[in-house]
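Every number in this text was worked out from the coordinates using simple rules, so none of it is lab data. If you're wondering where the values come from, they're calculated on a predicted model, not measured in any experiment. Here Cβ is always computed from backbone atoms with ideal geometry, including for glycine, and neighbour counts include all displayed protein chains.
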C-alpha cells in the first residue's frame, strides 16, 4: 500500500506499536522526509510510548519460603535455615544428621550453630500475685443456701412457738401507730376525723365477739370512728410509742378468765416500744412497769455482717458456722429459736436477741425480742 | 468445666499467662488487668469451656485482649534494623539475657508473640495458629524471621561488648 497524506497516520501508529515491516518503515521514513509537517505528529506521539522499566518487588525475598522442606538438601547456602529448622524441631532424621555432620566438620559452622542456639528464649519464673483473688470458693453457694434455709426454718419455728404456745391472742388488740399519727393523736382534734386517730387493727372475729357479748353498749349502727373514740382517748394518755400492744379493757369476760393465772401486773396495759426512739426519761407515772427480764444463757453473736468488709465475709468459714448449729444434740425449742435469731442476724446484719422473763421461781413468764432499734415483749400464757 | 477445674487452671496457668503478657507489654499493671479480665471471661464461660482446652482458651483470650490493647495504644510499630543497630550501640549490656530481652522488645508484635508462645510455652505451630488466628505457614515464617532478627541483634551486640 502506498503511503500518502491520507493514510500515513495508520502507518505511524503501526510504527509506534512495532507492527510495521522493515520495508514499510523505510517507505514511511521516505514519506516523512518529503512531508516534514507530517513528521511533527510522530514527535507528538512519542511521549505516549511507555519505555520498559526494570521494576522489581523490593520484598521478593520475603515471599521465598524461609524454612526447608523435608526434601531439601543441606548446603553451604541454606545452613542458617537448617539451623533454625533444627531449633524448631522441623528437620527430618536425615537432615538432622547432615546438619550435625556439617557442624562437626567446621569450627565456623559450630560457632554459628551456637549463636543460633542463643536465640531461644529461656522461660524465667514469674509469679502472678493476684492468683488467690481469681479463685472461686467451692461449695460456698451450697453452704450459704443451707444457712439460709436453716435460718428461715428456725425463724418460722420461733414464730410458731411464740404465737401458738402463748396465751390466746384473740382477746388483745394490736395497735400500730406511726410517729406522725402518734403526734396527731395528741392534738385535740375532732375524734371523728379518722386521720387523727391511731391506726388500730383487730381481727374481724374479735369485732364480732364484741358485738355479741357487749351488744348493749355497742350497736352495729356505730361508725368505726365512734367505736374508736374512747380508745383514742386512752391512747392519748399513753407514752409516745411507735408500736404498742394494749389489752382491751372491754374484752369479754370469758376471755378474761383465761388469763387468771397471770399476775395482776401483767393485766396492766403493756407498751411495746422502740427503745431507740424513747428514753427512760419519757416514762411517766402510771406507765406500765417493764418485766424483769433476764437474758438467756446464749452466747452472743459476735459477727455482724454489717460491720464486716466483703472480703471478710468472703473468708468466713460458713461450714464451721453451720456445724456449730448442727452439732447441737439437745434441740430444744429455745435452741431452734435462738439459732433462727442467729441466722437472721448473720444474714440481715441485725442484732436481735431473744430474752426471757422469769418469775421468782425461775419459770419463764414471757419473751422479749430486743435489738438496738426495737423491743417487743410477749407474755407467756399459762393455762390452768 | 467445674469450679475445681477452674481453680486448678488458675494455679497452673496464671503465672505463665502473666509472663506471656508482661513480656509482650512490659507493663505490669496492664498485664495484671488482662489476666484478671481473661479469667473473668473464663468464669463467665465456665460451662462452655472444656478443661482440656482451657489453656488454649486462656492464651487465646489473653492474646487478643493484648492485641486490642496494643492497637489501642498504637504500640505496634515496625523496626528499621539499621536504626536498631545504631540504638543498640549506644547501650551497654552485661549479659546475653539482657541483650536478648532488648532484642525481643524490638521485634514486631506478631513475631514477638509467636516466638514467646513457641519458646516459653512450647506450643506447636498448630496451637500457635489457633491462638493468634494466623495460619500455620505464617506462624512458621514469623518464627523464622524472629530467629534471624534475634541472631543479627545478638551478633551486633557481641561486637559491641
Evaluate the distance, in nm, between pseudo-label points positioned 7 Å from the Cα of residue B:29 and of residue A:2 along their respective Cα→Cβ axes. 9.4 nm
For A:31, A:11, B:39, order by how many other beta-carbon atoms lie within 10 Å, fewest first: A:31, A:11, B:39
For a Förster distance of 51 Å, can you work out the FRET efficiency between the beta-carbons of residue A:104 and residue B:44, rounded to the nearest 0.05? 0.35
So for A:353, A:83, fewest C-beta neighbours within 10 Å to most, what's the order? A:353, A:83
Label-point separation, residue B:137 to residue A:40 (7 Å along Cα→Cβ), nm: 5.8 nm
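To the nearest 0.05, how large is the calculated FRET efficiency for residue A:123 and residue A:56 if R₀ is 35 Å and r is the Cβ-Cβ distance?
Once rounded, the FRET efficiency stands at 0.25.
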Inter-site label distance for residue B:68 and residue B:11 at 7 Å from Cα along Cβ, in nm: 3.0 nm
